[in-house]
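> After the structure tokens below, expect a handful of questions from me.
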Amino acid sequence: MTISHIIGSNSEFLYQQWSLHSYFIFVIMRIWLKLKYDFILNYLLIFTKSIIIVDDDPDLINVYSEALKMSGYDVSSFTDPCLAYQHIKENPNQYSLVITDDKMHDMNGLFLGTKLLEINPKLNVIIMSEFGDLKCNYKFNLLKKRVSIFKLISAVNESISNSISHGDKI
């Protein structure tokens, strides 16, 4: 056996060890990046799926809240628009969507939505009204009150998917 033959076999052995080591580092990095990506994605999905419902009808709030929760959304609800406003003011980036009734006792939905947009301009607002010809801010989406669960969920999905695709929340 010659010296070049011994060196050649050792260098091949070292190359194989280095390749195996590099491969393991590559696999570990891929796993780490995947976990990090999944964590960030899940965090963003939780954030973008947070909704507040404001209506002075507690029965309607319960029905809509349960339907949205069953669709995977995190839902908070208020029967008092002043309390809802205070809560969002204290947590301005916690929610991506507010669904509010137009006619309430202390504050109407248009005023509430306008005040909330001053706090967080990226917030989406859906106003439910018994009147179909309501004049309001172009940033608001309108739904006729006593909307079906299917239409409500469709409007919420559309509102949130539009905000994600336009980069409003991310």
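Table: residues versus (1) open to solvent by 10 Å² or more (accessible area, probe 1.4 Å); (2) of a type outside the set (D, E); (3) within 22 Å of the chain's Cα centre (by Cα).
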| residue | (1), (2), (3) |
| --- | --- |
| D80 | yes, no, no |
| A84 | no, yes, yes |
| P92 | yes, yes, yes |
| K103 | yes, yes, no |
| L110 | yes, yes, no |
| G113 | no, yes, yes |
| I119 | yes, yes, yes |
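> Only one of these is within 15 Å of L83 (Cβ to Cβ), out of contact with any Cys (no Cβ under 8 Å at 6 or more places or on another chain) and not charged (D, E, K, R): L123, L112. Name it.
On inspection, the qualifying residue turns out to be L112.
> In addition: Only one of (1) open to solvent by 10 Å² or more (accessible area, probe 1.4 Å); (2) closer than 18 Å to I51 by Cα; (3) at pLDDT below 90; (4) touching a Phe, Trp or Tyr at 6+ places or on another chain (Cβ under 8 Å) fails for N162. Which number is that?
Just one mismatch for N162, condition (4).
> Could you tell me whether any residue of the range 94-112 is part of a helix (DSSP H, G or I) and among the aliphatic types (A, V, I, L, M)?
yes
> If you don't mind, another one. Across the range 41-72, what is the total count of residues that are in contact with a strand residue (DSSP E or B) (Cβ under 6 Å, 6 or more places away or on another chain), at pLDDT below 90 and not in a strand (DSSP E or B)?
Looking only at that region, the number is 1.
> Further question on the same structure: For the range 116-134, check the following and say yes or no: at least one residue is within 20 Å of D59 (Cβ to Cβ), in contact with a Gly (Cβ under 8 Å, 6 or more places away or on another chain) and assigned to a loop (DSSP other than H, G, I, E, B).
No, the range 116-134 contains no residue that is within 20 Å of D59 (Cβ to Cβ), in contact with a Gly (Cβ under 8 Å, 6 or more places away or on another chain) and assigned to a loop (DSSP other than H, G, I, E, B).
> Residues of the range 117-131 being at pLDDT 90 or above and aromatic (F, W, Y), which ones?
Once the filter is applied, which keeps residues that are at pLDDT 90 or above and aromatic (F, W, Y), the range 117-131 yields nothing.
> Here's a follow-up. Looking at the range 148-158, can you tell me whether even one residue there is in a loop (DSSP other than H, G, I, E, B) and at pLDDT 85 or above?
yes
The values are calculated or read from the model by the stated rules, or taken from the named source; none is laboratory data. None of the values given here were measured: they were computed from a predicted structure. We place every Cβ from the backbone using ideal geometry, glycine too, and count neighbours over all the protein chains shown. Note: accessible area is taken over every heavy atom of the protein model, side chains too, but ligands, DNA and RNA are not part of it. Shrake-Rupley method; radii C 1.70, N 1.55, O 1.52, S 1.80 Å.
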